Amino acid sequence: MGNETIPPKGPDGVQGIDLRTALEERYLAYALSTIMHRALPDVRDGLKPVHRRLLYAMRLLKLDPGSGFKKCARVVGDVIGKYHPHGDQAVYDALVRLAQDFAQRYPLVDGQGNFGNVDGDNAAAMRYTEARLTDTAKRLLDGLDENAVDFRETYDGEEREPIVLPGGFPNLLANGSSGIAVGMATSIPPHNAHELCEACQVLIKNPNAEVDELLQHIKGPDFPTGGLLVSDTATIREAYATGRGSFRVRAKWEVEDLGRGQWNVVITEIPYQVQKSRLIEKIAELLTARKLPLLDDVRDESAEDIRVVLVPRSRNVDPALLMESLFKLTDLENRFSLNMNVLSRGKVPMVMGVKQVLREWLDHRKEVLIRRSEHRLGQINHRLEVLEGYLIAYLNLDEVIRIIREEDDAKAELIRTFSLTDVQAEAILNMRLRSLRKLEELEIRKEHEKLTAEKDELVKLLGSDARQWTRISKEIAEISKAYGPETDLGKRRTGLAEAPEHDLGDIQQAMIEKEPITVIISEKGWIRALKGHQSDLSTLTFKQGDALKLSFHAETTDKLLVFSTGGKFFTLSAANLPGGRGHGEPIRLMVEMDEAQDVVCAFVHKPGRMLLIASNEARGFVVAEEDVVANTRKGKQVLNLSAPAEATLCVEANGDHVAVIGQNRKLLVFPLAQIAQMNRGRGVRLQRYRDGDIADMRVFKGEEGLTWVDSSGRSFNRSLDDLADWRGDRGQAGRLPPTGFPRTNKFGTPGL
């Protein structure tokens, strides 16, 4: 802002400020606070501040895995009173989540009482529930007393709290995390700790290892609720390499044989973070709305384990197709997004790939190891100094006692007499009388030797990078063993599977209830569907000036093909047709058909069939029915035309001969093989006219002969020998038809 003006001073010393600047400053401060202190986890211990404070408060309350439980209200009170000045319910909700084995892959809190369930029911109030730490949480906290991490003052300056936990467990990826900050969010699924540890060992051996090497061990997310991961390997690799992506997770199901050909589908595992009760409600709603015609009933027979029973409509239903329709419409298949947006070194929010996340955790473990070793070294040096003082006191016990009894300043006299340090003199003076009998030279020397050996080891460790990584590797191997695949907690829960690729059409068909209908199309192009297969259409009413053009029987599961005078094929779903109560809807509104074009014919799509199509100029070709199915409203241009020509005929090409008759009443019969098969084009000339257009055509089998029906309904049949005078090659003019051929110049061919 180039020409900024300083806001004027208000009355009584009130200072005016620029609103934009003030808002920017305050919103930025709020955004940073949310990002740093609320929503994003630290990459080193995988925790947000509220979880870190909960674990720390529980540790101070001595709620170790082996100790008794304490009321959650006590824990929450300590957290909000000392460390986390937020609402008690928010803190309790965070505590509850840490204890739920269906929410946390490796729970950090061991809960006693009602902590909610997978149906989405809430936990009991905090005054009724009790908690203590788990072994996993203990690993995260180990080293807090050994100067492993920095501490800071709490919000009121009265207590101190850790900035980050020592993190002796790969918690960020093992338990996952999710949160919404300002302008950024994070979403990390849980993983298998054993797999993470194996990947870390690869990184320790080879810091330049590529993502592919790590993914030989990390197979994908491992959700506490199990399920099946059906994402392909390329998608998984891309997600882990970039830190962004998503995973497809499906419910685990099996077919339960009830005997006599009867069966049910039983769902035993559902996707992560899906509420079972809501899922069953959704399936029931779809059943009521008749959108799951293959399904008859759904029952929840769950106790401790999940058991949702799906009863099929009939024993002939394909179980895989039934499940595919459910996966498409419900949360039985879910996507879990991966967005590894975390705080690097507790300060910088950034999206990391899996390699960088593990790298930062390992670097943190190294820093913790060095700090703990230095702390232990300091303790040993102090103890060695004290022991050397004790040894002097033991060897000169009488003199020491005399000095303490007789001298005014015993400490100074001890230091002067025996050349002691301040620490040693203080230790001797603080010694209890009862210790004198234990103060034996042998014991002092033994402890001195032991500590000296430990000191040497620590000095070597601190002086060697290789030794440090070896120690970290051993620690990780121990975690890997404790959470190995043979343990109940460690074995992989989420299976890996290929999603069976069912044809989309099959799935859509499966979701439509099969019912008979009669399709009605009027002269002006209005379409509707009557229920049932109607034969008497005399009572049908149409708009003024409109009448019946064609009708045919179909099922609601059918696809309908509509051929227009513009040479285009359109595809309609029979299930989506308007009902038969009104006059229906114009086909032009359902598909993008030009106003100037009309419907030539419409029929039920039957895969595998061949069609013969022609324009009024008697140009046409054979096309496979699969090739004319259009996937969009725009339709598919199949017969190319140049104005003023129009498409006029479409018949089934089932046979080996073609009979064509023109408006000039000339009939020609020739082999079907003379007509090219194409996907799109203008086609070849079928019959030549001096004036007029084509009237009708028919494909027939030579051994069965040509059949036509006259206006009074009588059927005529002529063999190829009878038709010898009309047989020729395509493109010829032909001659007048045999006696008995209808004056309408139509074969009276049944519809497609």
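The values are calculated or read from the model by the stated rules, or taken from the named source; none is laboratory data. From a predicted model like this one, the values you see are computed outputs, not experimental measurements. Every residue, glycine among them, receives a Cβ derived from its backbone with ideal geometry; neighbour counts consider all protein chains shown.
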For the range 643-651, does any single residue satisfy the condition of being farther than 25 Å from Ala624 by Cβ, modelled with pLDDT under 90, in the same structural domain as Glu617 (by TED's automatic domain parsing) and part of a loop (DSSP other than H, G, I, E, B)?
-> yes
What tally of residues in the range 705-737 results from selecting those that are surrounded by 13 or more Cβ atoms within 10 Å (Cβ to Cβ), in a loop (DSSP other than H, G, I, E, B) and free of Cβ contacts under 8 Å to residues at least 24 places away in the same chain?
-> 1
How many of the residues making up the range 145-164 are outside any loop (DSSP other than H, G, I, E, B) and surrounded by fewer than 19 Cβ atoms within 10 Å (Cβ to Cβ)?
-> 7
Of the residues in the range 289-319, those that are at pLDDT below 90, surrounded by fewer than 14 Cβ atoms within 10 Å (Cβ to Cβ) and of a type outside the set (Asp, Glu) number 6
The range 394-430 - residue that is hydroxyl-bearing (Ser, Thr, Tyr) and not in a helix (DSSP H, G or I) and, of those, surrounded by the fewest Cβ atoms within 10 Å (Cβ to Cβ) = Ser419
For Phe741, are the conditions met, namely being touching a residue at least 60 places away in the same chain (Cβ under 8 Å), within 26 Å of Lys568 (Cβ to Cβ) and not assigned by TED's automatic domain parsing to the domain that holds Gly620?
-> no
Hey, does the range 383-396 have a residue that's within 58 Å of the chain's Cα centre (by Cα) and not hydroxyl-bearing (Ser, Thr, Tyr)?
-> yes
Can you tell me which residues in the range 550-600 are assigned to a loop (DSSP other than H, G, I, E, B), buried (at least 20 other Cβ atoms within 10 Å of the Cβ) and either of a type outside the set (Val, Ile, Thr) or in contact with a helix residue (DSSP H, G or I) (Cβ under 6 Å, 6 or more places away or on another chain) (or both)?
-> Asp558, Gly567, Leu577, Gly584, Met593
Only helices (runs of 4 or more DSSP H) wholly contained in the range 1-120 count here; list those with 1 or more residues that are under 30 Å from Pro221 (Cα atoms) and in contact (Cβ under 8 Å) with a residue 40 or more places away in the chain.
-> 19-34, 49-60, 88-99
Going through (1) under 29 Å from Leu462 (Cα atoms); (2) exposed (fewer than 15 other Cβ atoms within 10 Å of the Cβ); (3) modelled with pLDDT of 90 or more; (4) not aliphatic (A, V, I, L, M) one by one, Ser373 fails only at (2)
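Yes/no per residue for (1) in contact (Cβ under 8 Å) with a residue 12 or more places away in the chain; (2) of a type in the set (Gly, Ala, Ser); (3) under 28 Å from Glu515 (Cα atoms):
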position	(1), (2), (3)
Leu292	yes, no, yes
Asp300	yes, no, no
Arg307	yes, no, no
Arg315	yes, no, yes
Ala320	yes, yes, yes
Met323	yes, no, yes
Leu326	yes, no, yes
Thr330	yes, no, yes
Could you say whether any residue in the range 296-309 is more than 26 Å from Arg105 (Cα to Cα), of a type in the set (Val, Ile, Thr) and touching a helix residue (DSSP H, G or I) at 6+ places or on another chain (Cβ under 7 Å)?
-> yes
Among residues belonging to the range 433-446 that are closer than 16 Å to Asn381 by Cα and out of contact with any helix residue (DSSP H, G or I) (no Cβ under 6 Å at 6 or more places or on another chain), point out the one that is modelled with the lowest pLDDT.
-> Arg445
Determine the pairs where a residue that is touching a residue at least 24 places away in the same chain (Cβ under 8 Å) and not assigned by TED's automatic domain parsing to the domain that holds Phe621, located within the range 688-699, has a partner that is hydroxyl-bearing (Ser, Thr, Tyr) and surrounded by 14 or more Cβ atoms within 10 Å (Cβ to Cβ) with Cβ atoms under 9 Å apart, the partner being 6 or more residues away or on another chain.
-> none
Can you tell me which residue among Gly566, Gly545 is over 23 Å from Asp627 (Cβ atoms), over 39 Å from the mean Cα position of the chain (by Cα) and in the same structural domain as Leu639 (by TED's automatic domain parsing)?
-> Gly545
Kindly indicate which of Gly713, Gly748, Gly683 is on the phi > 0 side of the Ramachandran plot, more than 60 Å from the chain's Cα centre (by Cα) and not acidic (Asp, Glu).
-> Gly713
Across the range 601-621, the tally of residues that are part of a strand (DSSP E or B), of a type outside the set (S, T, N, Q) and either buried (at least 19 other Cβ atoms within 10 Å of the Cβ) or without any contact (Cβ under 8 Å) to a residue 12 or more places away in the chain (or both) stands at 10
If you go through the range 211-229 one residue at a time, how many are in contact (Cβ under 8 Å) with a residue 24 or more places away in the chain and either surrounded by fewer than 18 Cβ atoms within 10 Å (Cβ to Cβ) or farther than 18 Å from Arg493 by Cα (or both)?
-> 4
With respect to Gly167, is the statement that it is small (Gly, Ala, Ser) and either within 20 Å of Met352 (Cα to Cα) or assigned to a helix (DSSP H, G or I) (or both) true?
-> yes
Residue check for Ala673: without any contact (Cβ under 8 Å) to a residue 40 or more places away in the chain and outside any loop (DSSP other than H, G, I, E, B) | yes
Answer yes if at least one residue in the range 138-151 is under 30 Å from the mean Cα position of the chain (by Cα) and of a type in the set (Gly, Ala, Ser), and no otherwise.
-> no
Any idea how many residues of the range 191-204 are surrounded by fewer than 24 Cβ atoms within 10 Å (Cβ to Cβ) and within 16 Å of Pro41 (Cβ to Cβ)?
-> 0
